[in-house]
Amino acid sequence: MMKAKRNVVYIGQEQHIVTQAVENRLSEAGFNVVAIPSDIDAINKSRNSTDTFLCYLDYTSPKTEIVMHYLADLCRDEHKSMCLIVDNATRTQVKKMESAQWAAHIYVRPLDMNDIAEDLAELSDAHDEFRRKKSILVVDDDSDFLMIMNYWMKNHYNIVGVNSGVEAVTYLQHHAAPDLILLDYQMPDLDGYDVMQWLHGTPQTRDIPIIFLTGVSDRESVMRIVKHKPDGYLLKTSRKSELLDALERFFVMNIFHYRIA
């Protein structure tokens, strides 16, 4: 089966030789390129047609910085990506722009279109992965807490809950690895640290991200948890909105490999 074309919105200077070359080469590489002017209304109209914007702008224009800020906010809020094309004369100026910190890639002319096509394909795959409904294994000896976690998260993630570290190990020996484990730090029998040690020592499970759940928030306890180097920790007292926001931020950073302010 032929692979569907990937959509890219190209924001560029009309009738510019770079614009024409980029459109032609990306189309040859299997991308469906929609070219629009550097205009907020045009970006708004195209925002639902792609996850990736490729921009070659007139960075000497005051209007451009407004467009860049708008695009950066859009990418941050809707988990889209923007890549920038710059000239040698403007590269330093562009990299100092606050909005440019949200660029997944910054390309300096002359361009290597093969590298750009490869990067855009990787970004497209990352967005596909982000949209996939993730599976989370929740490990906690409190059955009521497991019920709450399932109720809060079931519309967003595929949730499996187990009541102990032993059950977690048994589950992982017989099921496909989840995308994330939320692991109670304090449990009888095997505590969270013991489970994490087993996971990290087993080839099939060592790469599964682990976020510790904890009911204590004093600095000494938190520092003891952080010392074990999990992929994060969450307080059990977190509200639903805080929990969902933290999980979303985790998957964004884990998949797209950039820091969210």
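See the values below:
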| item | result |
| --- | --- |
| Considering residues of the stretch 26-60 that are part of a helix (DSSP H, G or I) and out of contact with any strand residue (DSSP E or B) (no Cβ under 9 Å at 6 or more places or on another chain) only, the residue nearest to ALA100 (Cα to Cα) | ILE40 |
| Scope the stretch 137-160; condition of a type outside the set (Phe, Trp, Tyr), surrounded by fewer than 18 Cβ atoms within 10 Å (Cβ to Cβ) and over 15 Å from TYR185 (Cβ atoms); matching residues | SER143, ASP144, MET147, ILE148, ASN150, LYS154, ASN155, HIS156, ASN158, VAL160 |
| Number of the exception - TYR258 against (1) among the aromatic types (Phe, Trp, Tyr); (2) at pLDDT 80 or above; (3) exposed (fewer than 14 other Cβ atoms within 10 Å of the Cβ) | (2) |
| Matching entry among LEU183, LEU235, LEU172, LEU243 (being among the hydrophobic types (A, V, I, L, M, F, W, C) and touching a residue at least 60 places away in the same chain (Cβ under 8 Å)) | LEU243 |
| Given (1) within 27 Å of LYS80 (Cα to Cα); (2) touching a Pro at 6+ places or on another chain (Cβ under 7 Å), index of the condition PHE212 fails | (1) |
| Of all residues making up the stretch 67-89, the number that are in contact (Cβ under 8 Å) with a residue 12 or more places away in the chain, hydrophobic (A, V, I, L, M, F, W, C) and not in a strand (DSSP E or B) | 6 |
| Filter pass, GLY232 being surrounded by 14 or more Cβ atoms within 10 Å (Cβ to Cβ) and over 30 Å from ALA104 (Cβ atoms) | no |
| Residue that is nearest to LYS63 (Cα to Cα) [pool: residues in the stretch 23-35 that are in contact (Cβ under 8 Å) with a residue 12 or more places away in the chain and over 26 Å from the mean Cα position of the chain (by Cα)] | GLU23 |
| Lone qualifier among THR92, THR64, THR60, THR52 - being of a type in the set (Val, Ile, Thr), more than 14 Å from LEU111 (Cβ to Cβ) and free of Cβ contacts under 8 Å to residues at least 24 places away in the same chain | THR92 |
| Meets criteria (in the same structural domain as ALA104 (by TED's automatic domain parsing) and over 27 Å from the mean Cα position of the chain (by Cα)) for THR50 | no |
| Residue count for the stretch 207-229, restricted to those that are surrounded by 12 or more Cβ atoms within 10 Å (Cβ to Cβ) and modelled with pLDDT of 80 or more | 7 |
| Residue in the stretch 16-23 that is buried (at least 17 other Cβ atoms within 10 Å of the Cβ) and either within 15 Å of ASN114 (Cα to Cα) or not assigned by TED's automatic domain parsing to the domain that holds MET82 (or both) present | yes |
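The values are calculated or read from the model by the stated rules, or taken from the named source; none is laboratory data. What you see is a predicted model; the values in this text were computed from it and never measured. FYI the Cβ positions are ideal-geometry reconstructions off the backbone, even for glycines, and counts take in every protein chain you see.
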